[in-house]
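Contents: one structure, followed by commentary.
The values are calculated or read from the model by the stated rules, or taken from the named source; none is laboratory data. These numbers were taken from a predicted model, which means no experiment stands behind them. Glycine gets a Cβ as well: all are built from the backbone with ideal geometry, and neighbour counts include every protein chain shown. Surface accessibility is based on the protein's heavy atoms, side chains included, excluding ligands, DNA and RNA. Shrake-Rupley method; radii C 1.70, N 1.55, O 1.52, S 1.80 Å.
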Amino acid sequence: MGGIVVLDRGGEQGVKHGNAAMFKAMVAIRFGPLPEPLLARIDEASESELLKWGEQMFVASNLEAVFGKI
């Protein structure tokens with residue numbers, strides 16, 4: 001049965017957390033272990049920041065090229 005899924009605020013936070021966790025895993029595969037300050041920065045990032053960084057990750061040669069100063 002199809003329908004519209006409505007997420008409450010907690011559900012939205014869960015999705016955001018899941019997106020951040022997936023993004024951290026992808027960045028770590030590409031560049032190796034991530035420094036703790038960067039992990040915290042990713043956890044606090046907006047969805048638009050994650051998307052922007054995700055796009056940059058595929059053409060960047062290092063973490064600084066994706067995130068700027070770490």
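The conditions are (1) modelled with pLDDT of 95 or more; (2) open to solvent by 100 Å² or more (accessible area, probe 1.4 Å); (3) in a helix (DSSP H, G or I), and residue 56 fails exactly one of them. Which is it?
(2)
What's the total number of residues in the stretch 31-42 that are surrounded by fewer than 13 Cβ atoms within 10 Å (Cβ to Cβ) and assigned to a helix (DSSP H, G or I)?
Residues in the stretch 31-42 being surrounded by fewer than 13 Cβ atoms within 10 Å (Cβ to Cβ) and assigned to a helix (DSSP H, G or I): 3 in total.
Any residue at all in the stretch 22-29 that's in a loop (DSSP other than H, G, I, E, B), at pLDDT 95 or above and loosely packed, with under 12 Cβ neighbours inside 10 Å?
The answer is no; no qualifying residue exists.
List every residue pair whose Cβ atoms lie under 7 Å apart, where the two residues are 6 or more positions apart in sequence or sit on different chains, the first residue falls within the stretch 41-70 and is without any contact (Cβ under 8 Å) to a residue 60 or more places away in the chain, and the second residue, located anywhere, is part of a loop (DSSP other than H, G, I, E, B).
Hits for this filter: 63/70; 64/70; 66/60; 70/35.
Please go through the stretch 59-70 and give me each residue that is more than 11 Å from residue 27 (Cα to Cα) and loosely packed, with under 12 Cβ neighbours inside 10 Å, ordered by number.
59, 61, 64, 68, 69
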